[in-house]
Structures are given as structure tokens and as C-alpha cells.
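Everything below concerns the one structure shown next.
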Amino acid sequence: MAEFLQQLINGISLGSVYALVALGYTMVYGIVRLINFAHGDVYMLGAFAGYFAIRTFKLPFFAALIASMAVCAILGVVMERIAYKPLRNAPRVAALMTAVGLSMFYQNFTIYRIGAQPKAFPKMAQVNWQVMGVTISNSQVLILGTAVALMIILHFVVQHTKMGKAMRAVSLDRDAAMLMGINVDNTISFTFAIGSALAAAGGVLVGQYYGVVQPLMGALPGLKAFVAAVLGGIGIIPGAMIGGLILGVAEAGVSAIGFSTYRDAVAFAILILILIVKPAGILGKNVREKV
Amino acid sequence: GTKPAEPAAPAAGEQPAAEGDIIIGGILPMTGAIATFGQSSKKGVDLLVEQVNAQGGVLGRKVVFVAEDTKSTQADSATAIQKLIQQDKVVAVVGEVASSNSLAAGPIAQDAKVPMVSGSSTNPAVTEVGDYIFRAAFIDPFQGAVMANFASKDLKAVKAAIMTDANSDYSIGLGNVFKEVFTANGGSIVSEVSFVSGDTDFNTILTTVKNAKPDVVFVPSYYDTVGLILNQAKNNVGFPAEVKFLGGDGWDSPALFELAGDAADGHYFSNHYSPDVDSPEVKAFIDAYQAKYNEVPDALAALAYDAANMILKGIEKAGTTEGPALRDAIAAIELNAVTGKIKLNEKRDPVKSAVVIIVEDQKQKYFTTVNP
Amino acid sequence: MLKVNDLNVYYGGIHAIKGISLEVEEGQIVTLIGANGAGKTTILRTISGLNKAKSGTIAFKNTEIQSMAAQNIMAMGISQVPEGRRIFSAMTVLENLQLGAYLRKDKAGIKKDMERVFDKFPRLLERIKQQAGTLSGGEQQMLAMGRALMARPKLLLLDEPSMGLAPLLVQAIFSTIKELNQEGTTILLVEQNAHMALSIAHQAYVLETGRIVLSGDAKELACSPEISEAYLGGSVGH
Amino acid sequence: MPILETKQLIKTFGGLTAVNGFEIYLNKGELIGLIGPNGAGKTTAFNMLTGVYQPTSGEINFLDASIVGQYPYEITQKGIARTFQNIRLFKDLSVIDNVKIAYHQNVSYSVLDSILQTKKYRQEEKKITEKALEFLKIFKLDHKSQEYAKNLPYGEQRRLEIARALATKPKLVLLDEPAAGMNPQETQELLGLIKWIREYFDLTILLIEHDMSLVMNVCERIYVLDYGKIIAHGTPQEIKSNPRVIEAYLGEEVPVC
Amino acid sequence: MDKKRLIVVVGAIALGIILQLLIWNGVLNAYYAQVLTMMSIFIIMATSLNLINGITGQFSLGHAGFAAVGGYFSAIITTRLQLPLPAPILFTVSLLVGGCVAALAGFLIGLPTLRLKGDYLAIATLGFGEIIRVLFLNWKYVGAAAGMWGIPGYTNFLWAYMLAVLTVVYIVHFMNSSHGRACISIREDEIAAETMGINTTKYKVMAFTFGAFFAGVGGAVLGHLIRLLHPATFSMTFSVEILLMVVLGGLGSITGSISAAILLTFVSEALRRFNELRMVIYALMLIGIMLFRPQGLFGRKEFSLDLLTNSKLNFKSSKNRGGEHADS
Ligand SMILES: Nc1ncnc2c1ncn2[C@@H]1O[C@H](COP(=O)(O)OP(=O)(O)OP(=O)(O)O)[C@@H](O)[C@H]1O
Ligand SMILES: Nc1ncnc2c1ncn2[C@@H]1O[C@H](COP(=O)(O)OP(=O)(O)OP(=O)(O)O)[C@@H](O)[C@H]1O
Ligand SMILES: CC(C)C[C@H](N)C(=O)O
Ligand SMILES: [Mg+2]
Ligand SMILES: [Mg+2]
């Protein structure tokens, strides 16, 4: 029982890492319908920004977190303006391929500049709590808490604020949004700024949680976060959270019962099964197009 | 549109080879999944070439090292070595790092009669490809056995757990040998789990392992992953200090201590050499490396340095760069290398002793030497 | 109120609008009629800033707007019901209406206008929580109109508002347009249903392949034989 | 014997009953109108007849066999073709390819034939191209056969959509607001075209339309749908003067001149 | 076959033979041969993915999985079974087996994914690809994580090239038939296609099956070229790389896929020696091309439409809207 609970906690904390990355993924997707393949790499750059903020500029942890979010928000806006904006009216795959290109660029440029070697990210002071024979650490709580809080805030922003409505309007029909008086460019920039800042927050939190940053650290979580976002229903913010947690718990479960070599296969099999039953993800509505 | 590729311009900073130079090729994963190993390896070879040229080169000729990226893939390894042999007319090749890539490149070197020396490919099959294929590292069965014997004999362990990287044959190979030898010694394997390279969260499998109550945990993987595993084992999962983690040469990097902090203390791994070992080669290498790159070399750098050295010493001994002669010279080589005494057996694998290292105060400390 | 002068618009190499000039007086309904592809939509989109003109000027209340961004033009009091409705399909009816008032800050006024919209289109109130994309064609048209009204525009650009509507609703829409106009909104109306359009408009322009070929008082045009021949399908009526 | 008959068709979307006990019959060769206020459920009814939506309950019999639960392509193969309220051409394909695709179900050569380019393949392809051109000629689109469908003016797109529907060799054609977006002039032309294709192809036609100048002039019978229910049925004269229909749908006429 | 196309095919075959002769007599060295062979393999991979993604409009990211199946099963034939057959026949058999098992995988993967559209399909196929990879990673018979080595090097340029020609001919002929048009109509508008009487399910599965078959053959050729198969070769990166070729060439354009396969292989070779900078430059170049030509090098057109297709399109003033199918 204690082991089961412990594994559940492990799964949830892994899942909240996925969720944290998936939130930004899904938000950008929801607004600009772009699978921003480079999202995982912005997460990596965010982690490095935090690393240098702490190591080189000697900032305290939370200041470093904010600094890294700010840096990545700017990066997100610049990246959108240079690489995605010219492709707004192009076929969607074109932007997708640019995203792949950006992802390669970020990874390899980091390898080129900083080197492929992993760097130790300074950890926060570790506090472990024992609850019912189960160990929970402050980092785990921090990550889960941040993910949940961000999910709630984001969901609220997108669904209930004026900016959120503008974002959704832009996602549905840019011309019509302009006719409402919405500044489409700014709205999209804002979306990328938030999405990238979220990625950075994820990068710094996860970097300190595991104590490591390296140029390829975004690849796997980026992919898993993408899977999580799709699982929950891509574009739907609470879906990213649900998807992330399911994926994390599923992976933990598969490893715990002794099939760790098949972990990823099982995770994907679960994804596919869920999609077959719910083709638009768990929270997605599968509306047949009205003709 | 089937125009053949033009030879690429050399990268900035590299000197083009001139008439009469000895050109050594390198196929290394400079990008892709294991770029970190490729980069260390290249630094090792670059250092050696610089040292050798400073002393007048080999056979009075300047040595030029041209490295080609393999993107950490097999197909690219095959093409890269083909390019080196055909376009650059290299006399020998250093690489690849990973066994699976060396296995893709090996047949091409063999067919072209160009010796290929891998620094770190530890799968026995690599040199079975043919008599032009050599290596500087010891092979997996040896290293796995070293740690299994160490566990049962020195640590008196009876219950072991094994954690392997499912994507790495190196890791799985060592795990298998360890299992075989350890059970033959009368021990039992209480838990076997795996992860994949690139993972960062090991809490789940560590929890599983911990609950199996092993005396030792064998983690034959690379320092980037091992650092995280040790860290999480101690800080998140709360492994008791009596449970010792054991590993192989893959642990050898200063980054391990950076990533694991004090969580690495008290654990053991096998290695080709120890910086503690009072050998002049080791000391000279570490000093030169630190002077050039301002960092402590890892095992990959040392092995690639040795691999390239085997080639250069071979050329010197053969007095020529002709394939067959060079092959014979390398096969007969005896070298006091950084990673130990290299003398090849008939399978072209070095018969080297291994050292067991213990981590103390976030530093490597020589523990014992195990002879083959 | 709106003065378009020598406007030229291109789509790539296609010269869609060829030197058009037109005027809309404050308080009037001006209609723009013409066959498919004549360039009616293009003119409206250029006025609202969705398309950019190659040359020519557009002045709204004596301010030149041809190079302003669409959202700023909206902010000046021009609102458009686009061709094909362009409602936000995945949002609810209510959210669509709220977006219509995006640039407004007066809560009370917004509420009042919302009521006015429901008054004119009770069906929208029935469907207030429905996803707009699943509305029937006519319902969507009502929503598009309602949404534009929520901006309380001074000048309303309507692009074929009667398209796909049931006869009763066509009448309703046209009387709504008339009402709006009487309440003080100036209207530029593009219509295929030239018949109806001319019946409520003050002024009319007839467009043919990017050029204005006829213009004048709407009532007079409606009864002129050339118009009824070419655009009213001869003597049609139910 | 009706060619198509529906019994108590019901379609609900969540809590909304879009079509509620829809019952009609069509005799062979008839040209029937379906009118009704916006949102009455006309398009939804079409969608059920063509298999795009599954009815919540009820029966649809076509040529004496139930077609409920069949896939749209099966229904097309049985002989029901349709056009869409919002034109759904293959926009990025040429005009002629649009028509050729509609021939697909009548193609008898196999994939292997096409890979090996056998005689059978070549003969049939030639036939398809000829037939398609013939069709385009009938619809006065032959001079634009190589144009992208999306580059056609609106009226021609409508015509192409009808041509494409007819190329599937249907027995029954469902037209959803064919005159929408057309000016009166074009509507008049369309009216003639519809009459003509019925004779030429020996078709039964059911059409949805809001343009009374079209409906009242071509239809033999008219069904009026309101809130998912048929509220009236009869000849154009009967419908025009039906007070319920006037109240729910037609309204009073406004004279212009 | 009409005359013009016959000329192209005969010309292509002649080119292959000439190149192979040059390779045999040493004018083109083994490195050039290897690069040309890789180009041919990528042509097989890219055109077959184009059948699924570009022509039928089904966003698939699982091509590496099919290549893995083809590669491994063909290698089982040539290394594990000890069939007493002469090399060329053995290789042919192994290619067919590899292709067919991959086709079976394509068929099975095609089935459940039929319910999925756009990005959901992409992630599901990516998942299938990964599942296949993990299965090989754990399958001891084929070497598991160590990979399968000792595969005979049957592949030479001529084999790869001829198979590429075959693949292209197959796909072009398919495209120009009523069956191909059915696939294209699904890409353009699935609902309209259904109401044209097209069994969309059948054709989507068919596209997956055929695409997978050729991907399988491509994988088999690759395996017998590098003489080693390793699960890591068939990771998602490989699928993405092939997708890049398809998109770069222009979705739906076969000549585009061919050109992009050649171009990217060439560029990747030319940059090899830049080491760490190699992928940085490569990535920048990709972004540049996409920004410069968002619809791909060839859009949806064919390089020489006259020669390769029956229907001549009148491409005036049209904005290419390729890739809309990826909308979910
Ligand atoms: N996005 C575009 N790209 C290229 N040409 C276009 C575009 N939009 C419109 N056109 C062309 O510009 C001309 C004018 O089109 P516009 O839509 O303004 O006509 P319209 O009078 O509104 O027609 P309709 O009655 O069909 O709505 C037409 O010839 C049309 O084909
Ligand atoms: N997929 C759907 N989900 C929810 N509601 C729907 C859906 N499709 C149609 N409806 C609703 O069903 C009702 C009937 O719609 P339908 O499109 O059949 O009307 P219609 O008679 O064709 O109207 P119009 O003449 O305006 O085209 C409408 O109220 C519409 O909102
Ligand atoms: C650097 C490592 C990946 C190399 C490993 N020893 C191997 O043989 O594959
Ligand atoms: Mg228009
Ligand atoms: Mg309708």
C-alpha cells in the first residue's frame, strides 16, 4: 500500500512536470493552431537562463525564475515575429517545419556555444515530508502546485478575460477578429510571450528539481508534453494538466509493475487507445463538421 | 539531379592538409544524442595531434586530424567513414564512440583496408568485423565481471539490483554480464529495471529497486544519467547508505559529482585508469588537457587520445602508412597509455587491467586493481 | 461621412478595383450592387482595413484611414458584417456578441445594446449558450449582424446580409437595417438582392468588374429599365 | 411507388431536437421543394438522407430499401447525390478533376491495372476524360476545364457542384440552396438549368431554397418545415396562400416600384 | 504508358545504369556511390510518405516505424533463416517480405487511426512508430538494444536506384488513376469525397498500406547498405527528417519529394565537416527555405508536368493552400 502510494506520488510529480511543459504547448496551439515543436527547447533555454542567472549573476532562485521567464517571453515574441509571422497565411505544415528547424537550431546552437555536457543546476534546500509512509519533497509540491496554479490562472485568463476572448477570437478567425477591433499581432505576440514564459518557468523548476540542465533536455519532455496535451485535448488548458498527470502516472505504473523496458510503448499505447475512444482527446469535443 | 557531392570545406580553425601530411580521420558523434561523448573524444585526439606535431610529427611528417560528424547515427557513420577513406585518403580512422555506430563503419574500413581504432566501443562484436578493427577500451564482459566479482567478493553482497538504459547496448551488455557472474557467484538478482537515455525522473524505478532491498545496485550507464540517479536515490527516495551503487567506466566524468553532489559518495565504479594512479602518462595527460581546455578530462577523452595514439605509434613502428603494414603494427602494439597498458590479444582487444574507484568527498579515489 | 477617392486594389496581379470613388453621407443608407465578382466585397474590406489599397484615399469623417490598421479603423466607429458571416464558430453566441463590443468600456451601454440585439433577434436569445458554429445559416447571419451592432458603430458596412435567409427574415433584416438607420447609424450595404436593397437605400452605386457604371438616387435606379433588366432579373416578384 | 420515403425521422443534438418527425415522400421524376425558416432543420434532414448524420430515430427508404446506418459513400453509390449549402468543391483541383472524381464509383479497373497502365486502364481513363468533358460542356464549363475550381466565379462554382453531383449518376439529387449568393439574373438561369437536367438525366430532385422566385416556379410540390416538423405540404399555389406558412416563413410581400 | 512518360522512365533507367557503370570502373568512388545510394533510399522514403501525407492528406509521423519493420524482417530473411538461395534472389525475397510485413503494419495502423484527424493522427502515428521501435528494442532475436549486425551488404547503388524508380513509377501511376484521385479528394475535402461515393476508409487504409510497403522496402535497402540495424536509427527524428523532405519538396508533389531528398542529403553531406556547427547551419537553412517558399520547392506542382502527369493544370494566380488538411 505504502509502495503503491509512493509510486502514485512519483507518477503525479512526473506528470506535473509534463503538465507544466504541456500548458504552454497547448496554449500556443490553442491560439495559433501551431504545434510549436520548439517549445521543449524554449523550456531548455529557460532552464539555462535560470542556470546562468544563478551561477553567473548570483541571483536568488525566485529572481532567477522571473528573469528567465522574462528572457524567454522576449525570445518567444522575437521567434514568432521572425519565424512564424511570415507564415501565417501559409500552409500549416510550413510553420510546423519551421518549428522543427527552430528546435534543431536551439539544440545545436546551445551545444555549439555551451557544449553538450550537462551542467549541475543549483538545487533548493531539500525538505522531505513523511506522510503515511510516503515521502514527499518540497520540490515535488512546488512543481505540482505551480502547475495547478498556472493551469487555473491560464484557464481563467483564456476563458474569462477580455484578452482571453481576444486570443480565442484570433484563433478562430483572424480577419473577423480584426473587425472586432482586436490587434491580432499583439494578441499573438502576447500568446507567445506567455507560452514561452511558462516554458521557462517549467525549465527552471524542473532544472532545480532534477538538478541538471543540458542542451537536449527539452527533447523528451517536449515530446511527452506534446503527447500529454493531445491526450487531454490539444488547445484545452485543463486538458494539458489531465493529460500530463495521466501520462506520468501511467509511466510510473508501468515501471512499478516491472515493465520499465516497455514504459514508452505502454504510454503511447494508452494514448492511442484513448484517442480511438475519444478522437479529440479526453476533454476535446469530437464535433463532426457541420455541412 | 544526381550530382555527386563536392568535398566539403574544412571547418574554420582546422588546417587543410598539405602534400606529405599524415591524415588521420575521425568519425565522431559531434551532434545528436551522444554529442557529449563525441566532443570529449575530439578534444582528446586534437590534444594528441597538437602534442605530436609540436614534437615534429610522425615519421617527420605533420599529422592532420579530420573529424566527420556522424550525428550519432549508423547511416551517417557509414557515410562519414566512406568519405574519409575515399575523399580524404585517410590512413586510419579513430572512432566511432558507440559500438552500434562502430559496427556500421567497421565493414567499410575493413573492405578498404584502412585500420579503424575505436576509443570507447566496448561491445565484443566491434572487432569481430575484421582484422583492421581495433579498440582502446576493454570489453563489456570483462568490465561487467569485474564489478560482479567485486560485489560478491569484496562487498560480500548477495542481493543485487540492476538498472540499465534500455536504449544502450553498452548498458544492457554490462548488465547481462554482471547478472551472469553475480549469480554464478551465488548471489541473486532481486530487481531489474530500465530507463532510457534522456530520462530525468528516476523516482519510480528507484522506489521499486529500494523496495526489493538489494545490497548493491549495479547501474552501468553514463555519468549524466548516473548523476541524476544517485542524486534522486539519496535525496528523493532515501536509499540507506549501506546500499552501494556500482557502475562502470561510463561514470567517469567530473560532471558526475556536479550532478550527484555528495550523493555519489561511498559508491564504486570500474575504470580504465584512475587519476590517482601514479602513472606519468596519466599525470601528463591530465595536465596537458587542463592546460588546453581548462577542464578535467573524462574517460572518453582519455580513450580517444589512446586510440589515436595507437594509430600514430603504429605508423611510427611500421614506418609506413600502408594499410596492411599499419594493421600489423597496431596489432602488435604495446603502449603505456593513459587508460592503462595496452597490449592487444588475437581478437584485437586490449588486455588491460581495470581499476575500481570509490567516490569519497566527491572525488575519485583509487580502491583496487583487477587484472584480467 | 465616408469619402472614397480613386481607389485601386489589387490581388497579386489582378486589378480588382479600378479607380473607384464614392461617398456616403451621414445618416444615409447607400447600397452597392453588382454581379458576382464585381468587387463589392473588396471595397468593403478595403474600407475596414482588411485589404490595403494600392492607391487612392479613404476618408472617414475627414480623417484618412486607408493606411490605418483594421483595429484602429474599428475604433473610429466603423463596423463590418463580413461576407460569409465569419462568426467565431467555436464560441458561444454570447461570447460572439461580447466580442462585438471588444473596444467598448461602458458596461451599462453594452448591456443595453445586448438587449436591443435580442429584441431584434429573439432566436439568438434562445441559443445564447450554443456554439455559434452549429447555428443554422440564418441564425449565423443574425449573429453576425448582432455582433456588429454591439460595437455601436457610426458607419455599418453590410456585406450581403440577406444571403441564405428565409423570406420573412430577409424582410426582417431589411427592416432592421432601416430601423438602425433611423436610429442614426449610417449604412453602406452590399447586396445581391438588389430589389430589396434599392427599396430601402437612399443612394446606390452599380458596380461592374471593378468600376462604377451607374450611380444615383436609389428609388430612381430601382425603377430604371436598365437596372431592372440587368440586376433585378426582369420582372420578378413572388 | 415513391422512390424515397421517410418515416418519423428525428435528429437531436444534445438537448436540441433539430428535426422532429420528418416525413416526406418523393415519386420518381418529381421536383420537390423543401422550405422553411432558418434553423428549421432542412439541412439536417439532407444530412440524414445522405448518411452524413445518423438519425436519432426513424426510417429512410430509398428504392424500397432502408438506408439508415449506411455510410455516405454507400448511399451515393445507391443513387443519391447532393450539393452543399456552403459549396464544397475540391478547391485546389482542376474543374475537370472535380468531375472525374465523381466517376470513381463507376470505374472498374483495379489498382494493379493503373500501376501497370493496362489497356483497360487506358481505355477507361480516356472514357472518363471524355465523359467529364461532355459534362462540363453541358454545364458550359468546358472552356474552364483546367482552371482551379476555387478560381471560378461563384455562380460557376455552383454549377460545377451540380455537375459533379450528377456525374455520380444519381437517381435522386438533393440541392441545398443552389441559388444562394446568386443575383436574380443568375437565379433565372439556374431555374432553367434545373428544369433541364431533370428531363435530360431523368432525375428526381429535392431542393432547399429560400428564393421563392425559384421554388415557386419549378417545384411540383413543396414541403414546409418549421422547428423540425412539416407544417405544410402542397402545390406552390397552396403553399403561397397557406396562412401558417405566411406567418412562419413567407411574410408579406413588399412592392418596390 | 504514354510515350513521353516512357521516355522519362527509360531515361531514368539509363541514367541509373550509367551511374552504376561509372561506379564500377571507379570514376565515381565508393563515397559518391554511398551518397547516391542514400539519396535513392531517401527518395523511396519521401515519395512513399508523400503518398500518405501529401496525396491522401493523412498526417503521418510514423514512417520510421514502417522502415524499421521492413528493415528488420528483410534482415531476418537474409541472416537468420539460412535460405539456400543465390544472393540476388535472396535479397529480392527479403525486400518483398520486408515490404509486405511493413504493409501489414501500415494496414493495422491505418485501421484504428481512421477515426483520427490532423494533429491527433500525427501523434497517434508517432506513437505507433515509437511502439514498433520499443518492440524491436526488446526483441532478443534481432539483437534487442545491441542491434542486428552482420547483415550482408547486398545493397549497391543500382539496387537502391532501381527500387527508387519503381517506387516513383508506382506512386505516379497510382496518383494518376481513379484510385489516386480518390485519395486526393480525401485530402481536399473528406466529406465531399464521401458524397462522391468514395469509400474514404478504404483509400486511407490503402494509402497507409502502400506507403508502408515502400517505407519497408526503403528500410530493407538501408539495412543491407549499412549492414546493421539498430532501433535508435528508427526514432522519431528519422520520421521527422523524411517529413521535412516531403514538406520541403511540396506536399503532393512527387518531383518535389525527389528533389528535396536529393537536396537535403547533399546539404547534410556538404556540412558534415562543420561538426558542431553542422546542424546549426542545417537548421537555419531549413528555416530559411520554409520562410522563402512556404508551399515547398514545388508547391503541389510537378517539375515537368507534361512528362509526369496526365492532367495539366493551369496554375495561374493561385495561392497554394496545401497543408490545410492538417487542420483538426
Ligand atoms: N483573395 C483573393 N485572391 C485573388 N483574387 C481575389 C481574391 N478575392 C477576390 N478576388 C477577385 O477580385 C474580384 C472581386 O471580388 P469580390 O469578392 O470583391 O467581388 P464581389 O463583388 O464581392 O462578388 P460576390 O458577389 O461574389 O461576393 C473577383 O474577380 C475575385 O475573383
Ligand atoms: N452539429 C450540430 N450541433 C448542434 N446543433 C446543430 C448541429 N447541426 C445543426 N444544428 C442545429 O439544428 C437546427 C437546424 O439546423 P439546419 O442547419 O438543419 O437548419 P436549416 O433548416 O438548414 O437552416 P438554414 O435555412 O438557415 O440553412 C439549427 O438550430 C442548428 O443550430
Ligand atoms: C560512449 C558509449 C555510448 C560507448 C559504449 N561504450 C559503446 O560501446 O557503445
Ligand atoms: Mg462579395
Ligand atoms: Mg441549411
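Bear in mind these aren't lab numbers, they're just calculated from the coordinates by the rules spelled out. Owing to the predicted nature of the structure, the values given are computational and were not obtained by experimental measurement. Note: ideal-geometry Cβ built from the backbone for every residue, glycine included; neighbour counts use all protein chains shown.
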Chain E: most fluctuating residue of E:L229, E:L51, E:L135 per GNM, C-alpha cutoff 10 Å: E:L135
Region E:1-160 shape via C-alpha gyration tensor axes, a/c threshold 1.5: oblate
List the pairs from C:K40/E:K204; C:K54/C:K120; C:K112/C:K178; A:K119/B:K352 whose alpha-carbon separation is above 30 Å, in the order I gave them. C:K40/E:K204; C:K54/C:K120; A:K119/B:K352
Once each part is reduced to its C-alpha centroid, what is the distance from region A:196-238 to region A:46-118 in angstrom? 13 Å
Treating only the Cβ of Lys, Arg, Asp and Glu as charged (+1, +1, -1, -1), what charge dipole size does chain B show about its Cα centre? Round to the nearest 20 debye. 500 debye
Starting from the Cα of D:K119, draw a straight line to each of the lysines and keep only those under 23 Å, dropping any in the same chain fewer than 8 residues away. D:K100, D:K127, D:K131, E:K3, E:K4, E:K312
Value of Rg/Rh across chain E [Cα atoms, Kirkwood radius]: 0.96
Show log10 I(q)/I(0) for chain C at q = 0.11 Å⁻¹, two decimals, from a solvent-free Debye sum over equal Cα scatterers. -0.55
Cα pair distances exceeding 34 angstrom across chain D, given as percent: 20 percent
Please give the FRET efficiency for B:E346 paired with A:E3, using the beta carbon to beta carbon distance and R0 = 35 Å, rounded to the nearest 0.05. 0.10
Once you average over the residues of D:112-123, how many Cβ atoms of partner chains fall within 10 Å of each Cβ? 3
Only helices at least 30 Å long along their own axis, judged from Cα atoms, and with Kyte-Doolittle mean hydropathy of -1.0 or greater: name those in chain A from DSSP H. A:2-32, A:92-114, A:138-160, A:184-210
Local electrostatic count at A:Q159 - Lys and Arg +1, Asp and Glu -1, tallied over other residues with Cβ under 12 Å: +2
Near A:R81, within a Cβ-to-Cβ distance under 13 Å, what is the net charge of the other residues, with Lys and Arg +1 and Asp and Glu -1? 0
Taking the Cα centre of region E:31-322 as the origin and placing charges on Cβ (Lys, Arg +1; Asp, Glu -1), which of E:Y154, E:Q34, E:A192 is farthest toward the positive end of the dipole? E:A192
Tally Lys and Arg at +1 and Asp and Glu at -1 over the other residues with C-beta under 12 Å from the C-beta of D:T187: what net charge comes out? -4
Across peptide D:175-184, what mean number of C-beta atoms from other chains lies inside 10 Å of a residue's C-beta? 5
Would you compute, for the Cα atoms of region B:71-140, the largest minus smallest coordinate along each principal axis and list the three values in descending order, in whole Å? 34, 25, 15
Once amide H atoms are placed 1.01 Å from N in the peptide plane, what residues at a sequence separation of 5 or more from D:A232, or on another chain, have their amide H within under 5 Å of its amide H? D:V224
Based solely on its DSSP helices, what 222 nm [θ] is calculated for the protein assembly as shown when runs of n ≥ 4 H residues each add -39,500 (n - 2.57) and the sum is averaged over all residues, nearest 500 deg cm²/dmol? -16500 deg cm²/dmol
Can you give the angle from 0 to 90° between the axis of helix D:154-167 and the longest principal axis of chain D, with both taken from C-alpha atoms, to the nearest 10? 70 degrees
Output row, site C:E179, 7 Å Cα→C-beta label point, backbone N cut-off 20 Å, window region C:108-135, residues C:109-128
Each residue of region C:209-226 in order: what ³J(HN,Hα) in whole Hz does its phi give by Karplus 6.51 cos²θ - 1.76 cosθ + 1.60, θ = phi - 60°, with x for Gly and Pro? 5, x, 10, 8, 9, 8, 7, x, 5, 4, 4, 5, 4, 4, 8, 6, x, 4
Is there a quick way to get the dipole size of the protein assembly as shown? I mean about its Cα centre, with the Cβ of Lys and Arg at +1 and of Asp and Glu at -1; what is the value in debye to the nearest 20? 1000 debye
Note to self: C-alpha centroids of region B:245-285 and region B:335-370 sit apart, in Å, by 11 Å
Of all DSSP beta bridges in region C:50-189, antiparallel share, percent nearest 5: 25 percent
By the C-alpha gyration tensor axes a ≥ b ≥ c (rounded if a/c is under 1.5, else prolate when a/b exceeds b/c, else oblate), the shape of region A:1-62 is oblate
Two-decimal Rg/Rh of region A:207-279 from alpha-carbon positions, Kirkwood Rh? 1.01
With Cα coordinates, the longest principal axis of chain B makes an angle with the long axis of helix B:169-184, in degrees rounded to 10, of 50 degrees
Report the label-to-label distance for B:V296 and C:E25 in nanometres (one decimal), using points 7 Å from each Cα along the Cα→Cβ vector. 9.1 nm
What is the average number of partner chain Cβ atoms found within 10 Å of a Cβ in D:36-45? 5
Once label points are set 7 Å from the Cα along Cα→Cβ at both C:Y11 and B:K156, what is their separation, rounded to one decimal in nm? 8.8 nm
Under the 7 Å Cα-to-Cβ spin-label approximation, A:R88 and A:K285 lie apart by a distance in nanometres of 2.7 nm
Past 19 Å, Cα to Cα: identify those pairs from C:K18/D:K91; B:K83/B:K343; B:K159/B:K210, in the order given. C:K18/D:K91; B:K83/B:K343
About the Cα centre of region E:31-322, what is the dipole size in debye to 20, counting +1 per Lys and Arg Cβ and -1 per Asp and Glu Cβ, all else neutral? 140 debye
Note on chain A: alpha-carbon gyration tensor, axes a ≥ b ≥ c; rule is a/c under 1.5 for rounded, else prolate if a/b larger than b/c, else oblate; result oblate
Taking the Cα centroid of region E:190-262 and of region D:26-105, what is the distance between the two, rounded to the nearest whole Å? 34 Å
Per the Kirkwood definition applied to all pairs of different Cα atoms, how many angstroms is the hydrodynamic radius of region D:93-147? 11.6 Å
More than 27 angstrom separation, counting every C-alpha pair in chain B; what % is that? 45 percent
Using a Förster radius of 51 Å, what is the FRET efficiency between E:A87 and A:L142 based on their Cβ-Cβ separation? Nearest 0.05, please. 0.25
DSSP beta bridges in chain D [antiparallel fraction, %, rounded to 5]: 55 percent
Take every DSSP beta bridge with both residues inside the protein assembly as shown and express the antiparallel ones as a percent of the total, to the nearest 5. 50 percent
Most fluctuating residue of A:S13, A:S255, A:S139 in a GNM of chain A with Cα springs under 10 Å: which is it? A:S255
Taking chain A as a Gaussian network, Cα atoms linked when under 10 Å apart, which of A:M178, A:M27, A:M79 shows the biggest mean-square fluctuation? A:M178
Tell me the volume per residue, in Å³, of the convex hull enclosing the alpha carbons of the protein assembly as shown. 185 Å³
